Amino acid sequence: MDAQTAPLSGLEGLVPSDARLDLLASGATWSEGPVWIPRRGVVQWSDIPGNRILEADGVTGRLSVYRSNVEFTNGRTLADDGSVIQCSHGRRAIERDVDGEVTVLVDHWNGARFNSPNDVVVARDGSIWFTDPPYGIIQPHEGHPGEREYGANYVFRFDPATAVVTPVVVDVEEPNGLAFSPDESILYVSDTSVALRTDGSGNHHIVAYDVVEGSCVGGRVFAVIEPGVSDGFRVDERGNVWTSSEDSVQVYRADGVLLGRIPVPERVANLCFGGVGGHTLFIAATTSIYRIETLVRDARGVGSLS
């Protein structure tokens, strides 16, 4: 259960001086898409190549399989009503999961199927924003072989009330993680296009956009992630960005300044806030889920309290 002792340089005021990184649970092939489910006191996440959804008790770490043969789910988030909104590589869709009952919310835009929705957030107005890179249709162990039917990789906004799907970011090569600033005036989107290339091309950065009337404008590079890529990230209530990287969780101030790192002994994929009071950071890293106590909570706050 021991991986790191604090204090962690640069994270004073964000992580308690006596905080420790603990191994909560292990047993996945590749851990992704964690979310805290407060009414059950569990952290739930995807084992994408294992084609299953796992859960761990937030206190004891007891591991269980929530569902198998799930069509390669990836990122997920909690809606206001407590349901889980998740991305399906296999179905090329955004789904709602209510206690194991899964409904496809949207799987097409403009007559074309999505590529393989990767990560998702729900805005305060109930709209669902998600990234759509090609990873689930070009990697057989993470989905099913297929074609990019609309010919690109976009970030979309889906309005469940009207069923309208709108591309909101079209200039990121391979959009992956995404999150809003606390006031939802900024959308952060990571570009991980370098990840599967062998020629040195591609990006490994987070781009920030101003959100104006449901659209994204003024894209600019917020931070370049080294080593590795920003596979997934969250924003805390103070506006700091907590992101995955190759060897750690990196924490950036809202102006893009790197504050510090939390070293993790496995490659980090994604993370979420949760636990009692919402101050626990759960980290999905390769085979495992790690946790560390913090002094902040998620910017949106949904699902943070147990």
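The values are calculated or read from the model by the stated rules, or taken from the named source; none is laboratory data. Bear in mind the structure is a predicted one, so any value in this text is a computation, not a measurement. All Cβ positions, glycine included, derive from the backbone under ideal geometry; neighbour counts span all protein chains shown.
Against the list (1) in contact with an Asp or Glu (Cβ under 9 Å, 6 or more places away or on another chain); (2) without any contact (Cβ under 8 Å) to a residue 12 or more places away in the chain; (3) among the charged types (D, E, K, R), the condition Arg67 fails is (2).
Residue-by-condition table, conditions (1) modelled with pLDDT under 95; (2) under 20 Å from Gly136 (Cβ atoms); (3) of a type in the set (A, V, I, L, M):
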{"residue": "Pro34", "(1), (2), (3)": "no, yes, no"}
{"residue": "Val65", "(1), (2), (3)": "no, no, yes"}
{"residue": "Val70", "(1), (2), (3)": "no, yes, yes"}
{"residue": "Val98", "(1), (2), (3)": "no, no, yes"}
{"residue": "Val106", "(1), (2), (3)": "no, yes, yes"}
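For Ile37, the conditions (1) of a type in the set (Val, Ile, Thr); (2) over 21 Å from Trp129 (Cβ atoms); (3) touching a residue at least 12 places away in the same chain (Cβ under 8 Å); (4) out of contact with any Lys or Arg (no Cβ under 7 Å at 6 or more places or on another chain) all hold with the exception of (2).
The set of residues from the stretch 45-76 being in a strand (DSSP E or B), surrounded by fewer than 24 Cβ atoms within 10 Å (Cβ to Cβ) and of a type outside the set (A, V, I, L, M, F, W, C) comprises Asp47, Arg52, Glu55, Asp57, Ser64, Tyr66, Arg67, Ser68. For the stretch 270-289, the candidate set comprises residues that are assigned to a helix (DSSP H, G or I) and not aliphatic (A, V, I, L, M); within that set, the residue that is nearest to Gly232 (Cα to Cα) is Gly278. Within the stretch 183-203, identify whether any single residue is over 23 Å from Arg253 (Cβ atoms), surrounded by 14 or more Cβ atoms within 10 Å (Cβ to Cβ), modelled with pLDDT of 95 or more and touching a helix residue (DSSP H, G or I) at 6+ places or on another chain (Cβ under 8 Å), and answer yes or no. The answer is no, given that none of the residues of the stretch 183-203 is over 23 Å from Arg253 (Cβ atoms), surrounded by 14 or more Cβ atoms within 10 Å (Cβ to Cβ), modelled with pLDDT of 95 or more and touching a helix residue (DSSP H, G or I) at 6+ places or on another chain (Cβ under 8 Å).
For the stretch 190-231, the candidate set comprises residues that are in a loop (DSSP other than H, G, I, E, B) and of a type in the set (Asp, Glu); within that set, the residue that is nearest to Arg261 (Cα to Cα) is Glu226.
Please indicate, with yes or no, whether at least one residue in the stretch 95-108 is surrounded by 20 or more Cβ atoms within 10 Å (Cβ to Cβ), in contact (Cβ under 8 Å) with a residue 40 or more places away in the chain and outside any helix (DSSP H, G or I). No: the stretch 95-108 contains no residue that is surrounded by 20 or more Cβ atoms within 10 Å (Cβ to Cβ), in contact (Cβ under 8 Å) with a residue 40 or more places away in the chain and outside any helix (DSSP H, G or I).
Looking at the stretch 38-92 only, could you name the residues that are small (Gly, Ala, Ser) and under 22 Å from Ser127 (Cα atoms)? Don't jump to the end; show me each part of the working.
Of the stretch 38-92, the ones small (Gly, Ala, Ser) are 41, 46, 50, 56, 58, 61, 64, 68, 75, 79, 82-83, 88, 90.
Correct list: Gly75, Ala79, Gly82, Ser83, Ser88.
Within the stretch 252-269, restricting attention to residues that are assigned to a strand (DSSP E or B) and over 15 Å from the mean Cα position of the chain (by Cα), the residue that is nearest to Thr287 (Cα to Cα) is Pro263. On inspection, Ser127 fails the criterion of being under 14 Å from the mean Cα position of the chain (by Cα) and small (Gly, Ala, Ser).
Among the residues of the stretch 117-173, the one identified as in contact with a Ser or Thr (Cβ under 7 Å, 6 or more places away or on another chain), part of a loop (DSSP other than H, G, I, E, B) and free of Cβ contacts under 8 Å to residues at least 40 places away in the same chain is Glu173. Every condition in (1) in contact (Cβ under 8 Å) with a residue 24 or more places away in the chain; (2) aliphatic (A, V, I, L, M); (3) in contact with a Ser or Thr (Cβ under 7 Å, 6 or more places away or on another chain) holds for Ile53 except the one numbered (1).
Restricting attention to the stretch 84-92, does a residue exist that is part of a loop (DSSP other than H, G, I, E, B) and closer than 25 Å to Leu23 by Cα? Checked against the condition, which is being part of a loop (DSSP other than H, G, I, E, B) and closer than 25 Å to Leu23 by Cα, the stretch 84-92 yields no hits at all. For beta carbons closer than 9 Å, sequence separation of 6+ or different chains, a first residue in the stretch 248-273 that is in contact (Cβ under 8 Å) with a residue 40 or more places away in the chain and a second that is assigned to a loop (DSSP other than H, G, I, E, B) and among the basic types (Lys, Arg), the qualifying pairs are Ala254/Arg238; Leu259/Arg253; Phe273/Arg297.
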